[in-house]
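See structure below.
The values are calculated or read from the model by the stated rules, or taken from the named source; none is laboratory data. It should be emphasised that the depicted structure is a prediction, and the values quoted were computed from it without experimental measurement. Note: ideal-geometry Cβ built from the backbone for every residue, glycine included; neighbour counts use all protein chains shown.
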Amino acid sequence: MFVSFLWELGYRAWGPVLTIPFALLQGWIFVRTHSLAYVVTVHLLFDAVVFAVLVHAHNPGMLPIFLL
């Protein structure tokens, strides 16, 4: 259900391609740090960037943080 929500927001094209490498990166971070909190923090930062990109794509004037 969550994937369908992302799909409707615009998580297409390059988004699904990045999912597996990002999951592997998070696994590597956990193996190196043994900290779930660190993995969750990295994931939330990534989610914030993806959310900002999606909002900007749908409403360019709403978040004028991107220079495009």
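The number of residues in the stretch 23-51 that are at pLDDT 80 or above and surrounded by 14 or more Cβ atoms within 10 Å (Cβ to Cβ) comes to 9. Checking the stretch 47-60 against the condition returns no match, with no residue being more than 22 Å from TRP7 (Cβ to Cβ) and without any contact (Cβ under 8 Å) to a residue 60 or more places away in the chain.
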